[in-house]
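The block underneath contains the structure these notes are about, expressed in structure tokens.
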Amino acid sequence: MRIATWNINSIRARAERALGVLDRWDLDVLLLQETKCKPEQFPAEPFEAAGYQVAAAGLNQWNGVAIISRIGLDNVEIGFPGQPGFAKEDGAGALLSEPVVEARAIRARVGTGSRGIDVWSLYIPNGRSYNDPHFRYKLEFLRRLRAAVGEQLAADPARRILLAGDWNVAPEDTDVWDIDFFRNDVGMYVTDEERAVFNAFGKPGTGTEGDFAGPALTELTRGADGADYTFWDYQRLRFPKNHGMRIDFGWASPELADLFAAAHIDRDERKGKGASDHVPVIMEFDAEA
DNA sequence: ATGCCAACGGAACGTTGA
């Protein structure tokens with residue numbers, strides 16, 4: 001079985017490329033981020049014609065996540081318990097609007113096997129800059145996500161869960177093309193705070209004093225072949241110079257991690273006219289759909 | 001070679017992303 005995650009940067013602009021990715025990798029499930037449309041605007045027909053089902057979430061032209069599956073698509077849920085919203089603030093930190101829970105998480109049960117897999121397509125907020133409210137929003141989003149998944153796994157440790165998407169975190173210094181540039185000039189994706197909340201997914205919870213519960217998850221894509229990065233900015237020849245970032249990952253619960261076989265980064269998808277700035281990351285499992 | 005930012009809404013250009 002093959003599941004891929006991809007920040008497609010508009011499904012309407014790249015539906016043909018998505019169909020090509022499904023075919024090229026013989027995918028059972030494709031988790032999309034930055035679909036940039038409402039569900040009623042999602043071009044579902046060509047995917048349905050190819051034998052897939054589609055579930056999409058989107059409030060407007062920003063964000064947007066979706067799940068495309070040919071092995072079943074049930075129990076769709078948009079968002080997660082405790083998912084924080086974002087509220088505009090004035091310069092003093094006073095809220096100028098009610099928080100909006102953005103379209104950054106969608107979950108579904110896929111697979112007709114014995115237990116199925118709960119797959120999540122996740123688009124973690126970009127923190128923008130260290131002193132921007134979006135940075136605190138990003139950290140809180142990750143903390144709350146870890147808690148929500150921990151609670152589910154504590155209740156059912158055998159559950160097969162995959163959390164995949166665009167995490168907007170570079171966990172290792174080698175996950176960016178120039179760590180000094182990112183530390184000193186970009187100031188985002190590589191901070192200790194971001195790495196701590198990202199790495200918390202790989203640690204068990206204690207379930208005490210407000211800490212989350214449940215077992216550690218396993219990140220599946222670290223040893224992927226195909227490329228060192230999953231994103232190359234459109235500007236300044238970043239792709240031809242291989243000045244990229246690795247920020248797309250997949251965390252698996254213990255029972256799913258046991259089935260993991262291999263991961264691939266589809267670097268070729270970054271080539272040519274009309275490419276997304278991210279490429280698909282494919283995860284293979286030793287399991288029948 | 002892989003090539004100098006792109007998509008959105010809305011109809012010019014501001015917002016957003018990373």
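The numbers here are math on the coordinates, done by the rules we state, and not lab data. Just so it is clear, the model here is predicted, and its values are computed rather than measured. Note that we place each Cβ from the backbone using ideal geometry, even for glycine, and neighbour counts take in every protein chain shown.
Has the stretch A:54-64 got any residue that is in contact with an Asp or Glu (Cβ under 8 Å, 6 or more places away or on another chain), within 20 Å of A:PHE249 (Cα to Cα), hydrophobic (A, V, I, L, M, F, W, C) and outside any strand (DSSP E or B)?
Scanning the stretch A:54-64, I find no residue that is in contact with an Asp or Glu (Cβ under 8 Å, 6 or more places away or on another chain), within 20 Å of A:PHE249 (Cα to Cα), hydrophobic (A, V, I, L, M, F, W, C) and outside any strand (DSSP E or B), so the answer is no.
I'm trying to understand the selection: among the residues of the stretch A:46-57, which are in contact with a helix residue (DSSP H, G or I) (Cβ under 6 Å, 6 or more places away or on another chain) and in contact (Cβ under 8 Å) with a residue 40 or more places away in the chain?
If the condition is that a residue be in contact with a helix residue (DSSP H, G or I) (Cβ under 6 Å, 6 or more places away or on another chain) and in contact (Cβ under 8 Å) with a residue 40 or more places away in the chain, then A:ALA56 is the only one that fits.
Answer yes if at least one residue in the stretch A:96-107 is within 12 Å of DNA strand B (Cβ to nearest atom), in contact (Cβ under 8 Å) with a residue 24 or more places away in the chain, among the hydrophobic types (A, V, I, L, M, F, W, C) and under 24 Å from A:PRO254 (Cβ atoms), and no otherwise.
no
Quick one: in the stretch A:198-224, of everything that is more than 16 Å from DNA strand B (Cβ to nearest atom) and not in a loop (DSSP other than H, G, I, E, B), which residue is nearest to A:ASN9 (Cα to Cα)?
Among residues in the stretch A:198-224 that are more than 16 Å from DNA strand B (Cβ to nearest atom) and not in a loop (DSSP other than H, G, I, E, B), the one nearest to A:ASN9 (Cα to Cα) is A:GLU219.
Have a look at A:VAL21, A:VAL29 and point out the one that is under 19 Å from the mean Cα position of the chain (by Cα) and farther than 24 Å from A:LEU145 by Cβ. So that I can check it myself, show each step before the final result.
On the way: A:VAL29 fails: farther than 24 Å from A:LEU145 by Cβ.
Of the residues listed, the single one that is under 19 Å from the mean Cα position of the chain (by Cα) and farther than 24 Å from A:LEU145 by Cβ is A:VAL21.
Collect the residues in the stretch A:125-144 that are out of contact with any Phe, Trp or Tyr (no Cβ under 8 Å at 6 or more places or on another chain), assigned to a helix (DSSP H, G or I) and near DNA strand B (Cβ under 10 Å from one of its atoms), keeping them in residue-number order. Outline the logic, then answer.
So in the stretch A:125-144, the residues out of contact with any Phe, Trp or Tyr (no Cβ under 8 Å at 6 or more places or on another chain) come out as A:126, A:130-132, A:135-136, A:138-141, A:143.
Keeping just the survivors that are assigned to a helix (DSSP H, G or I) gives A:135-136, A:138-141, A:143.
If the condition is that a residue be out of contact with any Phe, Trp or Tyr (no Cβ under 8 Å at 6 or more places or on another chain), assigned to a helix (DSSP H, G or I) and near DNA strand B (Cβ under 10 Å from one of its atoms), then A:LYS138 is the only one that fits.
Residue pairs, Cβ under 9 Å, 6 or more apart or interchain, first in the stretch A:263-275 and at positive phi, second near DNA strand B (Cβ under 9 Å from one of its atoms). List them.
Qualifying pairs under 9 Å: A:GLY274/A:ALA13; A:GLY274/A:ARG14.
Give the residues of the stretch A:79-97 that are surrounded by fewer than 18 Cβ atoms within 10 Å (Cβ to Cβ) and either within 24 Å of A:ALA4 (Cβ to Cβ) or among the aromatic types (Phe, Trp, Tyr) (or both), sorted by residue number.
As a first pass, look at the stretch A:79-97 and keep what is surrounded by fewer than 18 Cβ atoms within 10 Å (Cβ to Cβ): A:79, A:81-83, A:85, A:87-97.
Scanning the stretch A:79-97 gives A:GLY79, A:GLN83.
Taking the conditions exactly as written (part of a loop (DSSP other than H, G, I, E, B) and either over 22 Å from A:LEU142 (Cβ atoms) or within 16 Å of DNA strand B (Cβ to nearest atom) (or both)), does A:ASP233 satisfy them or not? Full working, then the answer.
On the way: part of a loop (DSSP other than H, G, I, E, B): yes; either over 22 Å from A:LEU142 (Cβ atoms) or within 16 Å of DNA strand B (Cβ to nearest atom) (or both): yes.
Answer is yes for this residue.
Could you please find all residues in the stretch A:1-53 being of a type outside the set (A, V, I, L, M, F, W, C), in a helix (DSSP H, G or I), under 24 Å from A:PHE231 (Cβ atoms) and within 16 Å of DNA strand B (Cβ to nearest atom)?
A:ARG12, A:ARG14, A:GLU16, A:ARG17, A:GLY20, A:ARG24
Taking the options A:VAL76, A:VAL119, A:VAL100, name whichever one is of a type in the set (Val, Ile, Thr) and crowded, with 18+ Cβ neighbours inside 10 Å.
Numbers: A:VAL76 fails: crowded, with 18+ Cβ neighbours inside 10 Å; A:VAL100 fails: crowded, with 18+ Cβ neighbours inside 10 Å.
Only one candidate passes the filter, namely A:VAL119.
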